[in-house]
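Here, each number is a calculation from the coordinates, and none is a lab measurement. Not measured: the values here are computed from a predicted model. Virtual Cβ from ideal backbone geometry, glycine too; neighbours counted across all protein chains shown.
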Amino acid sequence: MVRERKLRVMVAKPGLDGHDRGARIIARAFRDAGFEVVYTGLHQTPDSIVKAAIQEDVDLIGLSSLAGAHMYLFPEVVKLLREKGVDDIVVVGGGIIPDDDISKLKAQGIVEIFTPGAKLDDMVDWVKTNVKPRSG
Amino acid sequence: MSSAVEKVIAGDVRTVARLIRDIDDKIPGVRDVLKALYAHTGKAYVIGITGAPGVGKSTLVDQMVNHYRKQGKSVGVLAVDPTSPFSGGAILGDRIRMQRHSLDDGVFIRSLATRGHFGGLSQSTRSAIDVLDAMGKDYIIVETVGVGQDEVDVVKSAQTTVIMVIPGMGDDIQAIKAGILEVGDIFVINKADREGADKTFNELRQMIDMGHNRYEEGKWKPPILKAEAVFDRGVTELLETIEKHRSHLFSESRGKTVRKKKERVREELAEMIKSRLIQEVLDRLLETGEFDGAVDAVAAGEKDPYTACDDLLLPKLRALK
């Protein structure tokens, strides 16, 4: 097939964190990279993010957290996806994440973590390299 | 019957979500599923919501979903946002206003991007409506900006079309007058607490009446409602008016109903042939490299685009005979 699937990604803000400037900028960068980006808005629960991601059939969920609750919220999203038998949505995270937490999050299925200073181009490249629209 | 068909009819969210993606991505195998599903469609009531960006479409849809859920009805929402003509990407943000329904299994919300020139938006949206219909949704709400032929076509596949404006949008009403005003069954002036709501009401009334000056017995005259969707004001009235329009459609004479159905099928079928033809021909030209070859030739100034088009297309058309 010459026709290629379009990459669909979700940018989500779990928890009570009220800052989404970063998430919006990343959504915009993803759009400019040619992805279809579903943005959930603020104050989402892991459950509402997972249900929305399934309805939207996205290939990637990008979680943003600047409020320190990432150690609960991020793994919870992965856990709920697995419970629903979803194993083809890549979960990544970004925000104010202490170095010590990164390996712990990765051990729980968050594939990559982006911290302050991460460049938009690098993130887009990472997605293009590591996330493929699902086949079949 | 394939397992995908069975799962859609059983209301399996994951299967439905993936099927809509396949429709959007134009995966060939999807046609067989749609063929089998068609027999299970025709039960849902389809409502189109259209209006300029910022008039409050998503907020209104969110409230409508809330009301329908209280009535015990299940709802599907298709929210269409524009694809960037530069990058091919899109930000689909309509969900932001509707996320409170994401935990409700009686609601299925899907964001769609317009996907640009070969997108066939009306075609894929119509197929997505069929899927949600077969899934068993009682109401399907399609939300679009309503600009351009493609989006007017989408709106036409709704049984009741609601057009939203806000006060002070005089010029915008002029802009939507051509094409979209004619397809409106109900008009909503949202943010009606703002200055100029009465003036907008009068302007709209005049414009709609101009389009309906021929007297016809039993003809539907599009009502204009005022609403403040964010406070849930006017939403009950809107739903009542939608039901009135629905019973009006049912009360129409058999002859008229058949005529309208034929008209719709004629348009849908023509659209289907058109988008399928473009897809098949273009796919083949891309596969063989003929298309890229022609692009190079025209860009290098060796050929004019009209000749290039003839050279690409005529052999394919001859093969059709």
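Key figures
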item	result
Choice from B:Ala36, B:Ala229, B:Ala300 with maximal GNM fluctuation in chain B (Cα, 10 Å cutoff)	B:Ala300
In Hz, Karplus ³J(HN,Hα) per residue of the range B:274-287 (6.51, -1.76, 1.60; θ = phi - 60°; x = Gly, Pro)	4, 6, 5, 4, 4, 4, 5, 5, 5, 4, 5, 5, 6, 4
Over 22 Å between alpha carbons, listed pairs A:Lys6/A:Lys128; B:Lys57/B:Lys260; B:Lys43/B:Lys261	B:Lys57/B:Lys260
Aspartates and glutamates with Cα under 17 Å of A:Lys104, excluding same-chain neighbours fewer than 8 positions away	A:Glu76, A:Glu112
Cut-off 15 Å between beta-carbons: net charge of the residues surrounding A:Gly85, Lys and Arg +1, Asp and Glu -1	+3
Of B:Lys156/B:Lys199; B:Lys35/B:Lys256; B:Lys262/B:Lys316; A:Lys13/A:Lys79, pairs whose Cα-Cα distance is over 25 Å	B:Lys156/B:Lys199; B:Lys35/B:Lys256; B:Lys262/B:Lys316
Whole-Hz couplings from phi, Karplus 6.51/-1.76/1.60, listed for the range A:34-44; x for Gly and Pro	x, 8, 8, 10, 9, 10, 8, x, 7, 6, 8
The range A:1-31-the range A:62-114 distance, computed between alpha-carbon centres (Å)	15
All aspartates and glutamates inside 20 Å of B:Lys221 as judged from Cα atoms, apart from same-chain residues fewer than 8 positions distant	B:Glu182, B:Asp185, B:Asp198, B:Glu203, B:Asp209, B:Glu237, B:Glu240, B:Glu243, B:Glu252
Choice from B:Phe187, B:Phe250, B:Phe291 showing the highest fluctuation, given a GNM over chain B with Cα pairs closer than 10 Å	B:Phe291
Ordering of B:132-140, A:31-39 by packing [mean C-beta count within 10 Å, highest first]	A:31-39, B:132-140
